[in-house]
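The values are calculated or read from the model by the stated rules, or taken from the named source; none is laboratory data. All figures in this text were calculated on a predicted structure; none of them were measured in a lab. Cβ coordinates were reconstructed from backbone atoms using ideal geometry, including for glycine residues, and neighbour counts include every protein chain displayed.
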Amino acid sequence: MSEENGLFARNDEINNALNVHETDEEKYLIFRSSGILYAMSTDFVNEIFTSVDITQVPMVPEYIAGVINLRGAVVPIIDFRLLLGRIPEGESNAIILNIEDIIIGILVDSVDQMVDISKAAILPVPSQNEHKLVSGMCTLPGGHGTIMVLDGKALVHVHE
């Protein structure tokens, strides 16, 4: 321990003592939509709801399911399945996101798990990718499927 800190060790001293190294991993929320696994950085995820009361709004794009009242704030809800040109089937979960201080929700088929993914493991998407929302792809840890990594900022600016 450092003498100048007295009884308290600095973080770098603790990390060296425990042989802990900074990693390039980031935590992602994995969810399923139309049979495809997607990942969203947990930096953007605020909450997950298994059911929400959505108020429909007239004269908005088809993929806007409506809005919800979230503790007094009006939050637009995007049906992610419709946004990708797929037909929603069955129940859905809502993931509330905060991206660039913009709160939005997305409806997905199901929320799967949270995983740590190395930035080096995320590969670029093929150049013929028609969905600009996907910024990369990778294999789930353990090799249990391929996931599409969403670009949160592109999701917020999808209508621009």
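Among the listed residues 104, 68, which satisfies the condition of being surrounded by fewer than 19 Cβ atoms within 10 Å (Cβ to Cβ) and not acidic (Asp, Glu)?
Going through 104, 68 in turn, the sole match is 68.
Is it true that some residue in segment 48-59 is surrounded by 15 or more Cβ atoms within 10 Å (Cβ to Cβ) and either assigned to a loop (DSSP other than H, G, I, E, B) or at pLDDT below 90 (or both)? Before you say what the answer is, go through the steps one by one.
Of the residues in segment 48-59, the ones surrounded by 15 or more Cβ atoms within 10 Å (Cβ to Cβ) are 49, 52, 54.
Cutting the leftovers down to either assigned to a loop (DSSP other than H, G, I, E, B) or at pLDDT below 90 (or both) gives us 52, 54.
Yes.
Residues are listed down the side, and each one gets a yes or a no for (1) free of Cβ contacts under 8 Å to residues at least 60 places away in the same chain; (2) farther than 24 Å from residue 114 by Cα:
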| position | (1), (2) |
| --- | --- |
| 53 | yes, yes |
| 57 | yes, yes |
| 62 | yes, yes |
| 65 | yes, yes |
| 74 | yes, yes |
| 78 | no, no |
| 83 | no, no |
| 86 | yes, yes |
| 92 | yes, no |
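Which residue out of 88, 124 is modelled with pLDDT under 90, more than 20 Å from residue 44 (Cβ to Cβ) and buried (at least 16 other Cβ atoms within 10 Å of the Cβ)? Spell out the reasoning first.
On the way: 124 fails: buried (at least 16 other Cβ atoms within 10 Å of the Cβ).
Unique residue meeting the criteria: 88.
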